[in-house]
Amino acid sequence: MKIAVIGTGYVGLVTGTCLAETGNEVLCIDIDQEKVNKMQNGEVPIYEPHLDVLFERNIKANRLRFSTSLEEGLEHGDIIFLALPTPEDEDGSADLKYILGVADNIGKLIKDYKVIVDKSTVPVGTSDKVKAAVAKHAKVEFDVVSNPEFLREGFAVDDFLKPERIVVGSSSERATKLMEKLYKPYVRSGNPIIIMDEKSAELTKYASNSFLAAKITFMNEIANFCEKVGADVDKVRIGMGTDSRIGKRFLFPGIGYGGSCFPKDVKALHKSGQENNYNFKILDAVINVNARQKLVLIPKIENHFNNDLKGKNIAVWGLAFKPETDDIREAPSLYMIEELLSQGANITAFDPEAMSNVKRKLGTKINFANSMYEALKDADALVISTEWSIFRTPDFSKMKDLMVGHTIFDGRNLYEVKDVVNEGFKYISIGR
(Lines give C-alpha, C1' and ligand atoms only; values in the text may rest on other atoms or scores of the structure.)
Protein backbone atom coordinates (compact mmCIF):
# COMPACT_ATOMS: atom_id res chain seq x y z
CA MET A 1 0.00 0.00 0.00
CA LYS A 2 1.06 3.60 -0.51
CA ILE A 3 1.36 5.57 2.72
CA ALA A 4 2.24 9.16 3.55
CA VAL A 5 3.29 10.13 7.06
CA ILE A 6 3.13 13.83 7.86
CA GLY A 7 5.63 14.63 10.60
CA THR A 8 8.87 12.79 11.37
CA GLY A 9 9.10 13.16 15.10
CA TYR A 10 9.30 10.14 17.35
CA VAL A 11 5.88 8.73 16.44
CA GLY A 12 6.00 9.61 12.75
CA LEU A 13 9.44 8.19 12.11
CA VAL A 14 8.78 4.92 13.92
CA THR A 15 5.39 4.60 12.18
CA GLY A 16 6.77 5.29 8.72
CA THR A 17 9.78 3.00 9.11
CA CYS A 18 7.79 0.09 10.54
CA LEU A 19 5.08 0.41 7.87
CA ALA A 20 7.79 0.25 5.22
CA GLU A 21 9.21 -2.87 6.87
CA THR A 22 6.14 -4.89 5.85
CA GLY A 23 6.42 -3.89 2.18
CA ASN A 24 4.44 -0.66 2.04
CA GLU A 25 5.74 2.30 0.04
CA VAL A 26 6.09 5.11 2.59
CA LEU A 27 6.78 8.78 1.96
CA CYS A 28 7.49 10.80 5.12
CA ILE A 29 6.91 14.54 5.01
CA ASP A 30 8.55 17.15 7.24
CA ILE A 31 8.89 20.93 6.87
CA ASP A 32 12.49 20.88 8.18
CA GLN A 33 14.67 20.71 5.05
CA GLU A 34 17.87 20.08 6.99
CA LYS A 35 16.28 17.17 8.84
CA VAL A 36 14.91 15.73 5.59
CA ASN A 37 18.37 15.98 3.99
CA LYS A 38 19.91 14.06 6.87
CA MET A 39 17.26 11.33 6.71
CA GLN A 40 17.69 11.03 2.95
CA ASN A 41 21.38 10.40 3.68
CA GLY A 42 20.49 7.61 6.09
CA GLU A 43 20.88 9.54 9.34
CA VAL A 44 18.32 8.68 12.03
CA PRO A 45 17.46 11.90 13.92
CA ILE A 46 16.37 10.17 17.16
CA TYR A 47 17.76 7.41 19.35
CA GLU A 48 15.53 4.37 19.47
CA PRO A 49 16.91 0.82 19.73
CA HIS A 50 16.77 -1.19 16.46
CA LEU A 51 15.24 1.69 14.47
CA ASP A 52 18.50 2.39 12.61
CA VAL A 53 18.62 -1.11 11.10
CA LEU A 54 15.06 -0.93 9.72
CA PHE A 55 15.60 2.67 8.63
CA GLU A 56 18.68 1.85 6.56
CA ARG A 57 17.19 -1.34 5.08
CA ASN A 58 14.00 0.31 3.87
CA ILE A 59 15.75 3.36 2.44
CA LYS A 60 18.00 1.04 0.42
CA ALA A 61 14.93 -0.89 -0.78
CA ASN A 62 13.32 2.44 -1.80
CA ARG A 63 10.29 1.69 0.38
CA LEU A 64 11.05 4.62 2.69
CA ARG A 65 11.52 8.10 1.28
CA PHE A 66 11.45 11.66 2.60
CA SER A 67 10.26 15.01 1.30
CA THR A 68 9.25 18.50 2.43
CA SER A 69 6.30 18.64 0.01
CA LEU A 70 2.85 18.02 1.46
CA GLU A 71 1.43 17.99 -2.05
CA GLU A 72 3.83 15.20 -3.01
CA GLY A 73 2.80 13.24 0.07
CA LEU A 74 -0.89 13.55 -0.79
CA GLU A 75 -0.30 12.47 -4.38
CA HIS A 76 1.65 9.45 -3.15
CA GLY A 77 -0.43 8.15 -0.24
CA ASP A 78 -3.79 6.44 -0.17
CA ILE A 79 -3.62 6.61 3.64
CA ILE A 80 -2.30 9.83 5.17
CA PHE A 81 -0.99 9.61 8.74
CA LEU A 82 -0.88 12.82 10.79
CA ALA A 83 1.95 12.39 13.29
CA LEU A 84 2.31 16.00 14.30
CA PRO A 85 3.19 17.62 17.64
CA THR A 86 0.40 18.33 20.13
CA PRO A 87 2.39 20.33 22.69
CA GLU A 88 1.04 21.19 26.07
CA ASP A 89 -0.58 24.64 26.08
CA GLU A 90 -0.21 27.02 29.02
CA ASP A 91 -3.49 25.80 30.51
CA GLY A 92 -2.55 22.10 30.18
CA SER A 93 -4.65 21.44 27.08
CA ALA A 94 -3.23 19.91 23.90
CA ASP A 95 -2.38 22.52 21.26
CA LEU A 96 -3.90 21.35 17.96
CA LYS A 97 -2.60 24.17 15.74
CA TYR A 98 -0.17 21.94 13.82
CA ILE A 99 -2.72 19.22 13.15
CA LEU A 100 -5.52 21.60 12.15
CA GLY A 101 -3.15 23.69 10.05
CA VAL A 102 -2.09 20.65 8.04
CA ALA A 103 -5.71 19.47 7.83
CA ASP A 104 -6.66 22.82 6.31
CA ASN A 105 -3.92 22.47 3.69
CA ILE A 106 -4.89 18.87 2.95
CA GLY A 107 -8.40 20.03 2.11
CA LYS A 108 -6.97 22.45 -0.44
CA LEU A 109 -4.69 19.87 -2.05
CA ILE A 110 -6.39 16.44 -2.16
CA LYS A 111 -7.57 15.36 -5.59
CA ASP A 112 -9.07 11.94 -4.80
CA TYR A 113 -10.29 9.82 -1.88
CA LYS A 114 -7.93 9.61 1.11
CA VAL A 115 -8.07 8.12 4.57
CA ILE A 116 -6.65 10.71 6.95
CA VAL A 117 -5.40 9.13 10.16
CA ASP A 118 -4.92 10.96 13.45
CA LYS A 119 -1.85 9.17 14.83
CA SER A 120 -0.95 11.91 17.29
CA THR A 121 -2.35 11.78 20.80
CA VAL A 122 -5.31 14.15 20.67
CA PRO A 123 -8.28 15.13 22.87
CA VAL A 124 -11.75 13.70 22.39
CA GLY A 125 -13.45 15.39 19.47
CA THR A 126 -10.29 16.14 17.46
CA SER A 127 -11.35 13.88 14.58
CA ASP A 128 -14.44 16.06 14.16
CA LYS A 129 -12.26 19.17 14.07
CA VAL A 130 -9.90 17.61 11.52
CA LYS A 131 -12.85 16.52 9.41
CA ALA A 132 -14.27 20.06 9.47
CA ALA A 133 -10.90 21.61 8.61
CA VAL A 134 -10.42 19.32 5.59
CA ALA A 135 -14.06 19.64 4.47
CA LYS A 136 -13.81 23.42 4.38
CA HIS A 137 -11.88 23.22 1.11
CA ALA A 138 -12.07 19.60 -0.09
CA LYS A 139 -13.95 18.82 -3.29
CA VAL A 140 -13.50 15.04 -3.07
CA GLU A 141 -14.52 12.34 -0.59
CA PHE A 142 -12.29 11.54 2.38
CA ASP A 143 -12.51 9.87 5.77
CA VAL A 144 -10.87 10.75 9.07
CA VAL A 145 -9.81 7.90 11.35
CA SER A 146 -8.41 7.92 14.89
CA ASN A 147 -5.56 5.45 15.36
CA PRO A 148 -3.71 6.24 18.59
CA GLU A 149 -0.18 4.95 19.07
CA PHE A 150 0.86 2.87 22.08
CA LEU A 151 4.63 3.01 21.64
CA ARG A 152 6.98 2.83 24.60
CA GLU A 153 10.17 4.77 24.10
CA GLY A 154 13.02 2.28 24.10
CA PHE A 155 10.72 -0.50 22.83
CA ALA A 156 8.88 1.34 20.05
CA VAL A 157 9.97 -0.87 17.15
CA ASP A 158 8.84 -4.07 18.89
CA ASP A 159 5.65 -2.36 20.05
CA PHE A 160 4.77 -1.39 16.48
CA LEU A 161 5.75 -4.66 14.81
CA LYS A 162 4.20 -6.84 17.54
CA PRO A 163 1.39 -4.78 19.08
CA GLU A 164 -0.73 -6.03 21.97
CA ARG A 165 -3.68 -4.40 20.25
CA ILE A 166 -4.43 -1.90 17.50
CA VAL A 167 -7.18 0.62 18.12
CA VAL A 168 -8.98 2.10 15.12
CA GLY A 169 -11.69 4.70 15.56
CA SER A 170 -13.74 4.82 12.37
CA SER A 171 -17.35 5.33 11.35
CA SER A 172 -16.62 4.55 7.70
CA GLU A 173 -16.70 0.97 6.44
CA ARG A 174 -14.50 1.93 3.50
CA ALA A 175 -11.82 3.43 5.74
CA THR A 176 -12.06 0.57 8.24
CA LYS A 177 -11.37 -2.02 5.53
CA LEU A 178 -8.27 -0.13 4.39
CA MET A 179 -6.97 0.14 7.95
CA GLU A 180 -7.57 -3.56 8.60
CA LYS A 181 -5.72 -4.43 5.40
CA LEU A 182 -2.80 -2.20 6.40
CA TYR A 183 -2.46 -3.66 9.88
CA LYS A 184 -3.18 -7.32 9.12
CA PRO A 185 0.55 -8.27 8.87
CA TYR A 186 1.13 -7.02 12.42
CA VAL A 187 -1.52 -9.15 14.15
CA ARG A 188 -0.88 -12.59 12.65
CA SER A 189 -0.38 -14.00 16.16
CA GLY A 190 -4.01 -13.17 16.97
CA ASN A 191 -3.78 -9.89 18.85
CA PRO A 192 -6.85 -7.81 18.10
CA ILE A 193 -7.59 -4.89 15.83
CA ILE A 194 -10.27 -3.16 17.89
CA ILE A 195 -12.73 -1.10 15.88
CA MET A 196 -14.67 1.60 17.70
CA ASP A 197 -15.99 5.12 17.15
CA GLU A 198 -13.51 7.98 16.80
CA LYS A 199 -14.18 9.61 20.18
CA SER A 200 -13.78 6.33 22.05
CA ALA A 201 -10.46 5.70 20.28
CA GLU A 202 -9.21 9.17 21.20
CA LEU A 203 -10.18 8.67 24.83
CA THR A 204 -8.66 5.17 24.96
CA LYS A 205 -5.16 6.60 24.59
CA TYR A 206 -5.62 9.26 27.26
CA ALA A 207 -7.34 6.80 29.61
CA SER A 208 -4.56 4.22 29.19
CA ASN A 209 -1.71 6.63 29.88
CA SER A 210 -3.51 8.31 32.75
CA PHE A 211 -4.24 4.96 34.40
CA LEU A 212 -0.58 3.91 34.15
CA ALA A 213 0.52 7.30 35.51
CA ALA A 214 -1.89 6.82 38.40
CA LYS A 215 -0.48 3.34 39.08
CA ILE A 216 3.08 4.70 39.20
CA THR A 217 2.00 7.59 41.41
CA PHE A 218 0.14 5.33 43.82
CA MET A 219 3.25 3.20 44.24
CA ASN A 220 5.35 6.30 44.89
CA GLU A 221 2.89 7.32 47.61
CA ILE A 222 3.20 3.84 49.14
CA ALA A 223 7.00 4.14 49.00
CA ASN A 224 6.91 7.48 50.80
CA PHE A 225 4.65 5.98 53.47
CA CYS A 226 6.98 2.97 53.82
CA GLU A 227 9.73 5.36 54.91
CA LYS A 228 7.46 6.81 57.59
CA VAL A 229 6.54 3.45 59.12
CA GLY A 230 9.67 1.40 58.46
CA ALA A 231 8.25 -0.91 55.79
CA ASP A 232 10.13 -2.03 52.66
CA VAL A 233 8.45 -0.97 49.45
CA ASP A 234 10.15 -3.74 47.47
CA LYS A 235 8.48 -6.38 49.61
CA VAL A 236 5.16 -4.55 49.38
CA ARG A 237 5.51 -4.30 45.60
CA ILE A 238 6.14 -8.03 45.25
CA GLY A 239 3.23 -8.83 47.53
CA MET A 240 0.91 -6.63 45.48
CA GLY A 241 2.20 -7.60 42.06
CA THR A 242 1.50 -11.31 42.44
CA ASP A 243 -2.21 -10.48 42.56
CA SER A 244 -3.33 -11.03 38.95
CA ARG A 245 -5.88 -8.23 39.28
CA ILE A 246 -3.04 -5.78 39.89
CA GLY A 247 -0.12 -7.22 37.94
CA LYS A 248 3.63 -6.69 38.32
CA ARG A 249 4.18 -3.88 35.86
CA PHE A 250 4.36 -0.17 36.73
CA LEU A 251 4.76 -0.91 40.44
CA PHE A 252 8.38 0.20 40.75
CA PRO A 253 8.69 3.31 42.90
CA GLY A 254 11.04 6.13 42.05
CA ILE A 255 11.37 9.85 41.48
CA GLY A 256 8.29 10.26 39.33
CA TYR A 257 7.37 9.82 35.69
CA GLY A 258 8.46 12.06 32.83
CA GLY A 259 8.74 11.90 29.05
CA SER A 260 6.60 13.11 26.21
CA CYS A 261 3.43 11.17 27.02
CA PHE A 262 2.41 10.69 30.64
CA PRO A 263 2.80 14.30 31.90
CA LYS A 264 1.20 15.85 28.83
CA ASP A 265 -1.59 13.29 28.45
CA VAL A 266 -2.63 13.37 32.10
CA LYS A 267 -2.84 17.17 32.02
CA ALA A 268 -4.69 17.14 28.70
CA LEU A 269 -7.32 14.67 29.96
CA HIS A 270 -7.67 16.71 33.14
CA LYS A 271 -8.20 19.85 31.05
CA SER A 272 -10.70 18.08 28.80
CA GLY A 273 -12.64 17.17 31.92
CA GLN A 274 -12.76 20.79 33.01
CA GLU A 275 -13.96 21.87 29.56
CA ASN A 276 -16.83 19.40 29.91
CA ASN A 277 -17.68 20.33 33.50
CA TYR A 278 -16.08 17.20 34.97
CA ASN A 279 -13.39 17.25 37.65
CA PHE A 280 -10.97 14.32 37.50
CA LYS A 281 -10.05 14.34 41.20
CA ILE A 282 -7.74 11.35 40.77
CA LEU A 283 -5.80 13.18 38.06
CA ASP A 284 -5.53 16.24 40.31
CA ALA A 285 -3.74 14.03 42.83
CA VAL A 286 -1.58 12.31 40.18
CA ILE A 287 -0.35 15.63 38.80
CA ASN A 288 0.42 17.11 42.23
CA VAL A 289 2.07 14.00 43.66
CA ASN A 290 4.25 13.49 40.60
CA ALA A 291 5.46 17.10 40.69
CA ARG A 292 6.43 16.60 44.34
CA GLN A 293 8.00 13.19 43.70
CA LYS A 294 10.51 14.55 41.20
CA LEU A 295 12.18 16.40 44.07
CA VAL A 296 11.69 13.75 46.76
CA LEU A 297 15.46 13.15 47.05
CA ILE A 298 16.27 16.83 47.62
CA PRO A 299 15.34 16.96 51.34
CA LYS A 300 17.38 13.80 51.88
CA ILE A 301 20.39 15.37 50.14
CA GLU A 302 19.95 18.60 52.12
CA ASN A 303 19.73 16.68 55.38
CA HIS A 304 22.89 14.72 54.58
CA PHE A 305 24.86 17.93 53.96
CA ASN A 306 23.30 19.83 56.90
CA ASN A 307 21.45 22.16 54.51
CA ASP A 308 24.71 23.45 53.02
CA LEU A 309 25.21 22.34 49.42
CA LYS A 310 27.38 25.27 48.36
CA GLY A 311 30.52 23.99 46.64
CA LYS A 312 29.52 20.35 47.01
CA ASN A 313 30.36 18.16 44.02
CA ILE A 314 27.39 16.01 43.05
CA ALA A 315 27.65 13.29 40.39
CA VAL A 316 24.48 12.43 38.48
CA TRP A 317 24.02 9.12 36.69
CA GLY A 318 21.22 9.32 34.15
CA LEU A 319 19.57 12.31 32.48
CA ALA A 320 16.94 10.78 30.18
CA PHE A 321 13.48 10.33 31.71
CA LYS A 322 13.89 6.56 31.31
CA PRO A 323 16.52 4.16 29.93
CA GLU A 324 16.89 3.29 26.24
CA THR A 325 15.97 6.78 25.04
CA ASP A 326 17.57 10.20 24.67
CA ASP A 327 14.30 11.94 25.58
CA ILE A 328 14.70 14.47 28.42
CA ARG A 329 11.20 15.96 28.31
CA GLU A 330 9.92 16.33 31.88
CA ALA A 331 12.88 14.23 33.09
CA PRO A 332 13.10 14.19 36.91
CA SER A 333 16.89 14.59 36.64
CA LEU A 334 16.50 18.11 35.26
CA TYR A 335 14.25 19.21 38.11
CA MET A 336 16.75 17.89 40.66
CA ILE A 337 19.71 19.44 38.87
CA GLU A 338 18.06 22.88 38.79
CA GLU A 339 17.34 22.68 42.52
CA LEU A 340 20.87 21.52 43.36
CA LEU A 341 22.38 24.29 41.25
CA SER A 342 20.18 26.88 42.95
CA GLN A 343 21.74 25.82 46.26
CA GLY A 344 25.28 26.21 44.95
CA ALA A 345 26.20 22.59 44.17
CA ASN A 346 28.50 21.63 41.29
CA ILE A 347 27.06 18.96 39.00
CA THR A 348 28.89 16.45 36.82
CA ALA A 349 26.55 14.21 34.86
CA PHE A 350 26.74 11.15 32.65
CA ASP A 351 24.10 9.53 30.45
CA PRO A 352 24.72 7.07 27.60
CA GLU A 353 22.42 8.87 25.13
CA ALA A 354 20.88 12.07 26.48
CA MET A 355 23.85 14.34 27.19
CA SER A 356 23.74 16.23 23.90
CA ASN A 357 20.08 17.10 24.51
CA VAL A 358 20.86 18.35 28.02
CA LYS A 359 23.82 20.37 26.73
CA ARG A 360 21.47 22.21 24.40
CA LYS A 361 19.18 22.94 27.35
CA LEU A 362 21.62 23.72 30.16
CA GLY A 363 24.77 24.71 28.29
CA THR A 364 27.70 25.13 30.66
CA LYS A 365 25.62 25.16 33.87
CA ILE A 366 26.79 21.60 34.57
CA ASN A 367 29.75 19.45 33.60
CA PHE A 368 29.45 16.35 31.42
CA ALA A 369 31.60 13.25 31.86
CA ASN A 370 32.69 10.77 29.20
CA SER A 371 31.91 7.79 31.38
CA MET A 372 29.95 6.86 34.49
CA TYR A 373 33.17 6.58 36.50
CA GLU A 374 34.63 9.86 35.26
CA ALA A 375 31.55 11.60 36.67
CA LEU A 376 32.49 10.32 40.16
CA LYS A 377 35.93 11.95 40.41
CA ASP A 378 36.07 13.97 43.65
CA ALA A 379 32.28 13.67 44.08
CA ASP A 380 30.81 14.25 47.52
CA ALA A 381 27.78 12.15 46.57
CA LEU A 382 26.17 10.31 43.67
CA VAL A 383 22.55 10.77 42.56
CA ILE A 384 21.05 8.06 40.33
CA SER A 385 18.06 9.29 38.33
CA THR A 386 17.76 6.87 35.38
CA GLU A 387 17.94 3.06 35.57
CA TRP A 388 20.25 2.45 32.61
CA SER A 389 21.47 -1.16 32.59
CA ILE A 390 25.15 -0.11 32.73
CA PHE A 391 24.51 1.34 36.19
CA ARG A 392 23.15 -1.93 37.61
CA THR A 393 26.41 -3.74 38.38
CA PRO A 394 29.07 -1.07 39.02
CA ASP A 395 32.53 -1.57 40.45
CA PHE A 396 31.92 -0.28 43.97
CA SER A 397 35.62 -0.42 44.89
CA LYS A 398 36.45 1.81 41.94
CA MET A 399 33.61 4.12 42.90
CA LYS A 400 34.91 4.38 46.45
CA ASP A 401 38.42 5.28 45.26
CA LEU A 402 37.10 8.02 42.94
CA MET A 403 34.62 9.64 45.32
CA VAL A 404 35.44 11.95 48.22
CA GLY A 405 32.16 11.22 50.00
CA HIS A 406 30.74 7.71 49.94
CA THR A 407 27.00 8.41 49.71
CA ILE A 408 24.57 7.26 47.02
CA PHE A 409 21.10 8.75 46.58
CA ASP A 410 19.30 6.25 44.38
CA GLY A 411 16.06 7.46 42.80
CA ARG A 412 15.45 4.14 41.04
CA ASN A 413 16.28 1.52 43.72
CA LEU A 414 18.85 -0.24 41.57
CA TYR A 415 20.64 -2.08 44.36
CA GLU A 416 19.94 -4.13 47.47
CA VAL A 417 20.42 -1.93 50.51
CA LYS A 418 22.58 -4.37 52.46
CA ASP A 419 24.88 -5.00 49.47
CA VAL A 420 25.70 -1.32 49.05
CA VAL A 421 26.13 -0.77 52.78
CA ASN A 422 28.51 -3.75 52.90
CA GLU A 423 30.58 -2.04 50.19
CA GLY A 424 31.13 0.86 52.58
CA PHE A 425 28.57 3.35 51.23
CA LYS A 426 25.76 5.25 52.84
CA TYR A 427 22.82 4.32 50.63
CA ILE A 428 19.59 6.29 50.50
CA SER A 429 16.86 5.05 48.17
CA ILE A 430 13.07 5.28 47.79
CA GLY A 431 10.72 3.61 50.28
CA ARG A 432 13.33 1.44 51.97
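The values are calculated or read from the model by the stated rules, or taken from the named source; none is laboratory data. In this text, all values refer to a predicted model and were calculated from it rather than measured experimentally. FYI the Cβ positions are ideal-geometry reconstructions off the backbone, even for glycines, and counts take in every protein chain you see. Each accessible area value is taken on the protein alone, full model and side chains, heavy atoms only, with ligands, DNA and RNA left out. Shrake-Rupley method; radii C 1.70, N 1.55, O 1.52, S 1.80 Å.
Where the only charges are on Cβ atoms (+1 Lys, Arg; -1 Asp, Glu), what is the dipole of the chain about its Cα centre, to the nearest 20 debye?
Here the size comes out at about 520 debye.
Please name whichever of T126, L203, S67 sits farthest to the positive end of the charge dipole of the chain, dipole taken about the Cα centre and charges placed at Cβ: Lys and Arg +1, Asp and Glu -1.
Value: L203.
Given the peptides 274-287, 112-125, arrange them by the average over their residues of other C-beta atoms within 10 Å, most packed first. Working shown, then result.
Values: 274-287: 13.9, 112-125: 21.9.
Result, highest mean Cβ count within 10 Å first: 112-125, 274-287.
Sort region 221-313 into rounded, prolate or oblate with this rule: let a ≥ b ≥ c be the square roots of the eigenvalues of the Cα gyration tensor; rounded if a/c is under 1.5, and if a/c is not under 1.5, prolate when a/b is larger than b/c, oblate otherwise.
Values: a/c = 2.44, a/b = 1.27, b/c = 1.92.
Oblate, since a/c reaches 1.5 and b/c is not below a/b.
Taking the chain as the reference, fit the longest principal axis to its C-alpha atoms, fit the long axis of helix 51-60 to the helix C-alpha atoms, and give the angle between the two in degrees, 0 to 90, nearest 10.
It works out to around 30 degrees.
Once the convex hull of the alpha carbons of region 206-273 is built, what does its volume come to per residue, in cubic angstrom? Don't skip to the answer; put the middle values down first.
Values: hull volume 6.4 nm³, N = 68.
Here the figure is 94 Å³ per residue.
Can you tell me how region 319-416 classifies by the Cα gyration tensor, rounded, prolate or oblate, using a/c under 1.5 as the rounded cut?
Working: a/c = 1.60, a/b = 1.22, b/c = 1.31.
It is oblate, given that a/c is not under 1.5 and a/b is not larger than b/c.
When the accessible area of region 280-353 is computed with all protein chains present and a 1.4 Å probe, what percentage of it is carbon and sulfur? Numbers along the way, then the final one.
Details: 1520 of 3050 Å².
Summing carbon and sulfur atoms, their accessible area is 50 percent of the total for region 280-353.
Within region 77-136, what whole-number % of the accessible surface is contributed by carbon and sulfur, with the 1.4 Å probe and all protein chains included in the calculation?
On the way: 1150 of 2330 Å².
Heavy-atom surface of region 77-136 belonging to carbon and sulfur, 1.4 Å probe: 49 percent.
Dipole magnitude of region 1-109 about its Cα centre, charges +1 at Lys/Arg Cβ and -1 at Asp/Glu Cβ only, in debye to the nearest 20? Kindly include the intermediate steps, with their values, before the conclusion.
Numbers: 9 positive and 19 negative charges, 115 e Å.
I would put it at about 560 debye.
Only four residue types carry charge here, +1 at the Cβ of Lys and Arg and -1 at the Cβ of Asp and Glu. Report the dipole size of region 148-190 about the Cα centre in Debye, rounded to the nearest 20. Walk me through the numbers on the way to the answer.
Values: 8 positive and 7 negative charges, 57 e Å.
Computed charge dipole of region 148-190: roughly 280 debye.
Suppose R0 equals 41 Å; then what is the FRET efficiency for E180 and K38 from their Cβ-Cβ distance, rounded to the nearest 0.05? Could the numbers behind the result be given before it?
Numbers: r = 34 Å, r/R0 = 0.84.
Working from the Cβ atoms, E equals 0.75.
What is the distance in Å between the Cα centres of region 92-123 and region 29-55?
Cα centroid to Cα centroid, the span is 22 Å.
Of the listed peptides 356-363, 330-337, 160-167, what is their order by residue-averaged count of other C-beta atoms within 10 Å, with the highest listed first?
Values: 356-363: 14.2, 330-337: 23.6, 160-167: 16.6.
Sorting 356-363, 330-337, 160-167 by mean packing, highest first, produces 330-337, 160-167, 356-363.
Tell me, what is the FRET efficiency for R292 and S397 to the nearest 0.05, using R0 = 35 angstrom and their Cβ-Cβ distance as r?
Working: r = 36 Å, r/R0 = 1.03.
With a Förster radius of 35 Å, E is 0.45.
What percentage of the solvent-accessible surface of region 356-415, computed with a 1.4 Å probe over protein heavy atoms, is contributed by carbon and sulfur atoms? Could you put the intermediate results ahead of the total?
On the way: 1240 of 2830 Å².
Carbon with sulfur: 44 percent of the solvent-accessible area.
Averaged per residue, what accessible surface does the chain expose to a 1.4 Å probe, in Å²?
On the way: 19710 Å² over 432 residues.
It amounts to 46 Å² per residue over the chain.
Please work out the Cα center distance from region 236-281 to region 198-219, rounded to the nearest Å.
Cα centroid of region 236-281 versus Cα centroid of region 198-219: 7 Å apart.
Around P185, with a cut-off of 13 angstrom between Cβ atoms, what is the net charge of the other residues, counting Lys and Arg +1 and Asp and Glu -1? Display every interim value, and only then the final one.
Numbers: positive: K162, K181, K184, R188; negative: E21, E180.
That sum, taken over residues with Cβ under 13 Å, equals +2.
With N set to the number of residues, divide the alpha-carbon radius of gyration of the chain by 2.2 N^0.38 Å and report two decimals.
On the way: Rg = 23.5 Å, N = 432, 2.2 N^0.38 = 22.1 Å.
Cα Rg divided by the expected 2.2 N^0.38 Å: 1.06.
Order 78-84, 291-297, 192-198, 136-142 from most to least packed using the mean count of other Cβ atoms within 10 Å.
Values: 78-84: 24.4, 291-297: 19.4, 192-198: 15.9, 136-142: 13.3.
So the order, starting with the most tightly packed, is 78-84, 291-297, 192-198, 136-142.
Which is farthest toward the positive dipole end of region 1-102 among L96, I29, L19, measuring Cα position about the Cα centre, with Cβ charges +1 (Lys, Arg) and -1 (Asp, Glu)?
Looking along the dipole axis, the top candidate is L19.
For the chain, take the longest principal axis of its alpha carbons; what is the angle in degrees between that and the long axis of helix 97-109, to the nearest 10 within 0 to 90?
For 97-109 against the chain, the angle is about 20 degrees.
Which length gain, in nm to one decimal place, applies between F155 and T364 when the Cα-Cα distance is subtracted from 0.36 nm times their residue separation?
Values: separation 209, 0.36 × 209 = 75.24 nm, distance 3.17 nm.
Taking F155 through T364 to full extension adds about 72.1 nm, to one decimal.
What does the charge add up to near F155, with Lys and Arg as +1, Asp and Glu as -1, over the other residues with Cβ less than 12 Å from its Cβ? Kindly include the intermediate steps, with their values, before the conclusion.
On the way: positive: R152, K162, K322; negative: E48, E153, D158, D159, E164, E324.
The answer is -3.
Over region 83-205, what is the percentage of antiparallel beta bridges among all DSSP beta bridges, to the nearest 5?
Roughly 20 percent of the DSSP beta bridges within region 83-205 come out antiparallel.
Quick one: grab the alpha carbon gyration tensor of region 25-105, order the square roots of its eigenvalues as a ≥ b ≥ c, and give me rounded if a/c is under 1.5, else prolate or oblate depending on whether a/b is larger than b/c. Walk me through the numbers before you get to the answer.
Details: a/c = 2.27, a/b = 1.46, b/c = 1.56.
Because a/c hits 1.5 or more and a/b fails to exceed b/c, region 25-105 counts as oblate.
Which whole-number percent is the relative contact order of region 368-428 (Cα, under 8 Å, 6+ apart)? If you can, show how the numbers build up before the last one.
Values: 77 pairs, mean separation 22.1, N = 61.
Once normalised by length, the contact order is 36 percent.
Once the Cα atoms of helix 173-183 and of the chain are each reduced to a long axis, what angle between those two axes, in degrees from 0 to 90 to the nearest 10, is obtained?
So the inclination is approximately 50 degrees.
Restricting to DSSP H runs of at least four residues, report the calculated mean residue ellipticity at 222 nm for the chain, -39500 (n - 2.57) per run over all residues, nearest 500 deg cm²/dmol.
On the way: 17 runs with 184 residues, N = 432.
Mean residue ellipticity at 222 nm (helix-derived): -13000 deg cm²/dmol.
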